[in-house]
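Colleague: I have a structure I would like to understand better, so I am pasting it below and will then ask my questions one at a time.
Derivation of every value follows stated rules applied to the coordinates shown; laboratory data play no part. Just so it is clear, the model here is predicted, and its values are computed rather than measured. No Cβ is skipped: glycine too gets one built from the backbone with ideal geometry, and neighbour counts run over all protein chains shown.
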Amino acid sequence: MADMEGAGQDAVAALRALLGAAHVLDDADTLGAYARSTAARPTRPRAVVYPGTAEEVAGVVAIAARLQVPLYPISTGKNWGYGDATAVTSGQIIVELSRMNRILALDTELGYAVIEPGVTQAQLSNYLAEHGGELWMDSTGAGPDTSLVGNIMERGFGHSPYGNRLLHIAGLQVVLANGDVVNTGFGHYPSARTTYLYPYGLGPYLDGIFTQSNFGIVTRLGMWLMPRAESVNHFLCSVDRHEDIGAVVDALRPLRMDGTLRSILHIGNDLRVLSGGMVFPRDMVPSSTALPDELRQRLRQQAGVGAWTVSGALYGRTRQVAAARHAVRAWRWASRCSR
Ligand SMILES: Cc1cc2nc3c(=O)[nH]c(=O)nc-3n(C[C@H](O)[C@H](O)[C@H](O)COP(=O)(O)OP(=O)(O)OC[C@H]3O[C@@H](n4cnc5c(N)ncnc54)[C@H](O)[C@@H]3O)c2cc1C
């Protein structure tokens, strides 16, 4: 324990020499903020560091490797769902990448942006509104201040045809645990022109191994952008009874498989929908962690949601969307969606 504390102190001193004191914080307020968690077992980090470049990230990792101090990377730290900004175990040094928020390139012809981990949904969206011509980005339902890279590293999903985000990126730059920097796909060829277009490069395809793993710290990636859709049509189907959702999904599957539905579909039960708008009603259920059935049904009625809700959107040319809408209407009718 004493050795760990000694290594932690040495690491903080070396990190201050590398990044400057302003970017290595271990005061009680900062540590307290990063220890606040909705998880059952909150942890307290040893320090929080804010590198500003990929070279600095590599330097941070090299120090941590030398002194055997564990790191926990976050992009903007607004992860409320897959985990949160709290490190996995106490004593880790949190590497918060929000200072690295440059949009390094935008190619409006080929449809991609090269972004650093601190770039937020709102930032890229505003940038595209100004410079992106007819290009749109995929967006998640998380807030405007959440990062794109952190979400992609968690294999997050958006709501558009590009919503399976991991399948719409190319060219990761990753700092490995020994401080080496890897460029995936064609990125390791210095003059490659397809780094952000063709994710596979030659040989083994590496990108997936860095998701949900923390095997490396991603310092840059190319995110694909979609052409502005001529027409967008959202749809919802509310299913009243829990036991009917299986048949609804069975009827939906062919539309997804034959390409009628190209966007990500969201299928959530009543708890998923209710919890998006309220916290657990602890005052009404003082002694249990589960909602009693009767209260669950009452909350459902009050909120006007079914036992299950299916939502999606049609994107494309107007005639394409009209044809897809026809198929979705037939599915809704056959599935007896109540709304
Ligand atoms: C109301 C609401 C709606 C939401 N809607 C959606 C949704 O539609 N789709 C969805 O996917 N999620 C959704 N979420 C979940 C979550 O909030 C988002 O995924 C959010 O983008 C994650 O926060 P972040 O971008 O700040 O990630 P961070 O907290 O920065 O990072 C998340 C994790 O990814 C890893 N990581 C981060 N950066 C790096 C890096 N540079 N290199 C390697 N690993 C890294 C770390 O393990 C980190 O803990 C929602 C949450 C809420 C509360």
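Colleague: Using just the Cα positions, wrap region 32-95 in a convex hull and report its mean projected area in square nanometres, one decimal place. Can you show the working numbers first?
Modeller: Values: hull surface 17.3 nm².
Over all viewing directions, region 32-95 projects a mean Cα-hull area of 4.3 nm².
Colleague: Okay, moving on. Please list, in chain and number order, the residues 5+ apart from residue 140 or on another chain whose amide H is under 5 Å from its amide H, with Hs placed from the backbone.
Modeller: Answer set, sorted by chain and number: none.
Colleague: From the phi angles alone, apply the Karplus equation (6.51, -1.76, 1.60; θ = phi - 60°) to region 243-260 and give each ³J(HN,Hα) in whole Hz, x where the residue is Gly or Pro.
Modeller: Whole-Hz 3J(HN,Hα) from phi for region 243-260: 6, 8, 5, x, 5, 5, 5, 4, 6, 7, 3, x, 5, 6, 6, 8, x, 5.
Colleague: For the residues 321, 174, what sequence is obtained by ranking on other C-beta atoms within 10 Å, fewest first? Write down the numbers at each step before the final one.
Modeller: Numbers: 321 19, 174 23.
So the ranking, lowest neighbour count to highest, is 321, 174.
Colleague: How far is it, in nm, from the label point at residue 200 to the one at residue 177 when both lie 7 Å from their Cα along the line to the Cβ?
Modeller: With each label placed 7 Å out from Cα toward Cβ, I get 2.9 nm.
Colleague: Taking the number of other C-beta atoms within 10 Å as the exposure measure, put 120, 38, 86 in order starting with the fewest. Working shown, then result.
Modeller: Working: 120 22, 38 9, 86 25.
The order, fewest Cβ neighbours first, is 38, 120, 86.
Colleague: Take residue 36 and residue 189, extend 7 Å from each Cα along the Cα→Cβ direction, and tell me the distance between the two endpoints in nm.
Modeller: Each label point lies 7 Å from its Cα, and together they span 5.0 nm.
Colleague: Here is a further query. For the chain, what's the relative contact order in percent, using C-alpha pairs closer than 8 Å and at least 6 residues apart?
Modeller: Numbers: 622 pairs, mean separation 48.7, N = 339.
14 percent.
Colleague: Further question: Which cross-chain or sequence-distant (5 or more) residues have an amide H under 5 Å from the amide H of residue 74, H modelled 1.01 Å from N in plane?
Modeller: Under 5 Å from the amide H of residue 74 lie the amide H atoms of 95, 96, 97, each far enough along the sequence or on another chain.
Colleague: Still on this structure, I have one more. Counting pairs of Cα atoms in region 230-302, how many percent are more than 21 Å apart?
Modeller: Numbers: 1135 of 2628 pairs.
When every Cα pair of region 230-302 is considered, 43 percent fall beyond 21 Å.
Colleague: Still on this structure, I have one more. Given points 7 Å out from each Cα along the Cα-Cβ axis, report the residue 212 to residue 9 separation in nanometres with one decimal.
Modeller: 4.1
Colleague: Using the Karplus equation 6.51 cos²θ - 1.76 cosθ + 1.60 (θ = phi - 60°), what ³J(HN,Hα) coupling, rounded to whole Hz, does each residue of region 75-84 give in order, writing x for Gly and Pro?
Modeller: Going residue by residue, I get 8, 10, x, 10, 8, 10, x, 7, x, 7 Hz, with x marking Gly and Pro.
Colleague: Okay, moving on. Return the percentage of antiparallel bridges among DSSP beta bridges fully within the chain, rounded to the nearest 5 %. Intermediate values should be presented prior to the final figure.
Modeller: Values: 36 of 43 bridges.
The antiparallel proportion sits near 85 percent.
Colleague: Where does the chain land at 222 nm, in deg cm²/dmol rounded to the nearest 500, when only DSSP H runs of n ≥ 4 count, each adding -39500 (n - 2.57), divided by all residues?
Modeller: Working: 9 runs with 103 residues, N = 339.
Using -39500 (n - 2.57) per qualifying helix, the result is -9500 deg cm²/dmol.
Colleague: Something else: Place a point 7 Å from the Cα of residue 232 along the Cα-to-Cβ direction; which residues of region 297-320 have their backbone N under 13 Å from it?
Modeller: 312-316
Colleague: Measure out, as a whole number of angstrom, how far apart the alpha-carbon centroids of region 269-313 and region 82-140 sit.
Modeller: When both Cα centres are located, 32 Å separates them.
Colleague: Here's another thing I want to ask about it. In whole angstrom, how far apart do the alpha carbon centroids of region 26-59 and region 184-206 sit?
Modeller: Cα centres, region 26-59 to region 184-206: 32 Å.
Colleague: Whole-Hz Karplus ³J(HN,Hα) for region 283-293, in order, using 6.51 cos²θ - 1.76 cosθ + 1.60 and θ = phi - 60°, x for Gly and Pro?
Modeller: Residue by residue, region 283-293 yields 5, 8, 10, x, 10, 9, 9, 10, 6, x, 3 Hz.
Colleague: Can you give the extra length, in nm with one decimal, that the chain gains between residue 301 and residue 334 once fully stretched, where that is 0.36 nm per residue apart less the Cα-Cα distance?
Modeller: Working: separation 33, 0.36 × 33 = 11.88 nm, distance 2.36 nm.
Extra length available between residue 301 and residue 334 comes to 9.5 nm.
Colleague: Still on this structure: Be a star and scan region 300-322 for residues whose amide nitrogen sits under 17 Å from the point 7 Å along the Cα-to-Cβ vector of residue 269.
Modeller: Within reach of a label on residue 269: 300-301, 305-311.
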